[in-house]
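The values are calculated or read from the model by the stated rules, or taken from the named source; none is laboratory data. Just so it is clear, the structure is predicted and the values come from calculations on it, not from any experiment. Don't worry about glycine lacking a Cβ; one is built from the backbone with ideal geometry, like all the others, and counts go over all protein chains shown. Only protein heavy atoms, including side chains, enter the accessible area calculation; ligands, DNA and RNA are left aside. Shrake-Rupley method; radii C 1.70, N 1.55, O 1.52, S 1.80 Å.
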Amino acid sequence: MFCALCRKHGVKSGGSQLSFSYGTDNFRTEFLNAHHLSEAHAKASLMEATSGSPVNRATTNLMVRTMSKVTLGRVENLFRSCHAIAKTGRPLKDFIWMCKLDDMKGIDIGPVFRTNKSARIFTYFIAEVERKHLREKLEKSKFFSVISDGIIDSLIKEAKIVYVQFAHAGKVHCQIVGVQTVQRKDPLAIKNAIEKTLEINLQLRLSSQEWAKKLVGFGSDGTPGIEGENNSIALLLREIQPCVQTVHCFAHHLELSYKVVFQSVPLYNDVKDLLHSIYHFYHNSPLHKNSLITAFKDLHLRPVMPSQIGGRRWLHGLHTALQDFLKGYPAIVQQLRSASKGKSDSSQQKAKDLLESLLQANIVKFAHFLMDVINVLSILSRVSQNRNSSIADIFSTLESTLEMLQMYQTRPGPKERRVNPVTYFHGNCLRGKENISAMRRMVLTCLIKRLQGCFRDASQDVMRATMIGSFKLWPTKINQEFGEREVSILLAHYEPVLEAANVKLNEVDTEWGMLKLEIYARFQNIRKLTWDFVNSIYLHKYPNILTLVDLVLTLPASSAEAERGFSQMKRTKSHMHAKIEDESMTDALIIHLNSPDINNFDPRKAIHLWNTRTLSSTGDTRPNSDCSSNSESHYESD
């Protein structure tokens with residue numbers, strides 16, 4: 001006796017059920033029932049239901065109609081559970097108890113595919129659908145950029161996460177491709193890891209002529225310790241495509257530049273330690289905290305309690321701590337004077353030491369100078385971390401920032417000017433008359449040099465020319481010459497890339513002039529326009545200049561998206577409490593970051609892909625995976 005369906009479709013079960021493919025003389029009822037309820041037999045049944053359908057997207061609805069409604073409903077529920085687990089960053093071992101919970105709620109999910117291995121297979125095919133969508137989008141796009149960032153910590157030894165950014169008809173997309181472990185930390189190994197990630201997940205060979213012609217940008221982190229490494233990676237990518245522009249993550253570069261410059265300044269460390277000590281002095285003592293609130297009331301000031309430095313939003317935290325310190329300065333001094341006159345104890349001595357530091361002129365002046373610098377850098381940080389900011393927005397804001405910092409080199413900023421000539425601050429006599437002008441110039445010179453290094457591997461002219469891609473930088477009233485030089489620079493630099501994209505270079509200048517005229521004549525507020533809206537109106541009239549704009553929008557502004565991917569990867573790793581392979585982590589991140597939310601997820605495409613892939617591979621749904629029911633039984637106890 002043998003199972004006709006299993007033999008017809010070549011589905012083989014492991015263990016004692018192997019005989020059903022070749023024939024068996026075991027007629028026991030429990031043995032027959034076990035095979036009927038096995039995953040192998042369920043797969044054969046699904047294959048039989050869809051065997052007449054060719055493997056393409058147009059047959060998805062036919063497959064759904066043909067498959068048993070009960071079976072489809074069960075599989076849909078299982079796929080939805082796997083999607084929800086990955087979408088929320090939970091470990092796949094939750095799949096087992098979710099199945100038990102569905103049973104308790106009376107949801108029919110059937111007796112098969114209830115193992116962790118099935119969950120991994122389903123997750124793979126859900127992610128595979130998103131990978132197919134991403135590849136289809138990339139094939140339609142004429143340009144793309146690669147964004148990569150690395151991480152090393154106790155959980156993730158050394159990994160590179162890879163994103164692609166591209167623009168199609170004015171709409172920018174930035175999506176994760178995958179995670180790849182780097183065996184050796186050198187430029188060639190990192191470049192190979194990037195290429196391997198693209199090839200495995202998107203079947204995209206970066207060095208092939210087809211894709212090399214589309215590559216226009218590379219975004220990486222801005223770690224000072226590996227500047228030479230990033231520069232070498234950029235050189236290796238330019239061997240593939242000479243036009244590639246390399247941009248280091250500005251959000252990361254700004255933080256590192258600030259810390260490297262200021263941490264070597266003794267006065268900065270004194271101010272930072274003072275803010276830290278004041279916070280803990282009041283945070284750890286309700287008595288001192290209540291006394292400080294009373295001091296605010298006596299001075300008729302609104303109570304502003306000292307805040308802590310640090311946290312993920314490092315610049316915002318330091319800015320808030322300084323602001324609260326300067327606002328609460330008179331009340332803090334008054335309370336510390338009162339506390340230092342009490343009974344002799346450690347608290348009294350601590351109050352005396354804090355008061356001594358607070359009344360130092362150089363401390364007060366440097367705190368105000370620091371406020372001037374942070375006020376300028378905060379604007380730059382806010383722009384660089386905004387997902388809607390283009391490379392032109394960041395570059396233009398950087399230029400304004402550098403001009404302001406250069407101005408502060410020669411004269412004090414607005415905050416410092418208030419305390420520079422005075423010997424009293426809020427009625428308190430300051431000790432010492434140190435001038436911080438020389439220190440200010442030294443600090444700002446180093447900071448300016450560091451900030452200029454973010455675009456060290458990119459053409460400054462090309463970066464400046466990208467301003468045509470940001471409506472925020474367009475003049476409010478029409479200027480006939482606006483953008484003409486920028487368009488010429490971009491055409492000269494990207495000529496081979498644009499020719500490969502079938503752009504008619506001799507028509508771009510004319511289209512730019514006419515597009516400007518129509519936009520200014522039709523719209524009152526230029527700053528509120530978006531390029532996808534402009535494309536919807538003018539793409540048929542001005543395809544060449546709008547293709548050039550797509551190229552500009554494709555250039556990465558930073559690798560901030562990669563850092564967000566790493567944050568999610570850390571959360572996923574902490575939930576799993578175990579080693580997870582790059583492939584499984586890639587599947588989980590792709591679903592979490594690229595797939596629709598739980599309410600809008602349609603599992604039928606993934607089910608169709610899983611079913612047709614199963615049909616074409618005679619039982620194997622993934623390389624090196626045995627889908628038999630018995631071989632999975634050891635996962636049931638996870």
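Here residue 192 passes the criteria (1) assigned to a helix (DSSP H, G or I); (2) crowded, with 20+ Cβ neighbours inside 10 Å except the one numbered (2). Residues in the range 390-404: is at least one more than 30 Å from residue 551 (Cα to Cα) and either open to solvent by less than 70 Å² (accessible area, probe 1.4 Å) or in contact (Cβ under 8 Å) with a residue 24 or more places away in the chain (or both)? Yes.
Just one of (1) in contact with a Cys (Cβ under 9 Å, 6 or more places away or on another chain); (2) free of Cβ contacts under 8 Å to residues at least 40 places away in the same chain fails for residue 483. It is (1).
On the phi > 0 side of the Ramachandran plot, part of a loop (DSSP other than H, G, I, E, B) and open to solvent by less than 50 Å² (accessible area, probe 1.4 Å) - does that describe any residue in the range 449-468? Among the residues of the range 449-468, not one is on the phi > 0 side of the Ramachandran plot, part of a loop (DSSP other than H, G, I, E, B) and open to solvent by less than 50 Å² (accessible area, probe 1.4 Å), which makes the answer no. Within the range 238-279, being touching a residue at least 60 places away in the same chain (Cβ under 8 Å) and of a type in the set (D, E, K, R) holds for 255, 270. The set of residues in the range 282-311 that are part of a loop (DSSP other than H, G, I, E, B) and over 23 Å from residue 269 (Cβ atoms) comprises 285, 299, 300, 301, 302, 303, 304, 305.
Evaluation of residue 501 against the conditions (1) in contact (Cβ under 8 Å) with a residue 12 or more places away in the chain; (2) surrounded by fewer than 17 Cβ atoms within 10 Å (Cβ to Cβ) shows that the sole unmet condition is (2).
Among the residues that make up the range 97-116, is at least one of them of a type in the set (Gly, Ala, Ser), at pLDDT below 85 and either out of contact with any Cys (no Cβ under 9 Å at 6 or more places or on another chain) or not in a helix (DSSP H, G or I) (or both)? Yes, because at least one residue in the range 97-116 is of a type in the set (Gly, Ala, Ser), at pLDDT below 85 and either out of contact with any Cys (no Cβ under 9 Å at 6 or more places or on another chain) or not in a helix (DSSP H, G or I) (or both). The number of residues in the range 505-529 being open to solvent by 70 Å² or more (accessible area, probe 1.4 Å) and under 35 Å from the mean Cα position of the chain (by Cα) comes to 4. As for the range 504-520, it holds no residue that is in contact (Cβ under 8 Å) with a residue 60 or more places away in the chain and β-branched (Val, Ile, Thr). When 633, 628, 637 are screened for being part of a loop (DSSP other than H, G, I, E, B), open to solvent by 50 Å² or more (accessible area, probe 1.4 Å), modelled with pLDDT under 85 and within 23 Å of residue 97 (Cα to Cα), only 637 passes. Residue 133 satisfies every condition listed in (1) surrounded by fewer than 22 Cβ atoms within 10 Å (Cβ to Cβ); (2) modelled with pLDDT under 90 except (2). One residue alone among 126, 121, 109 is within 22 Å of the chain's Cα centre (by Cα) and of a type in the set (A, V, I, L, M), and that residue is 126.
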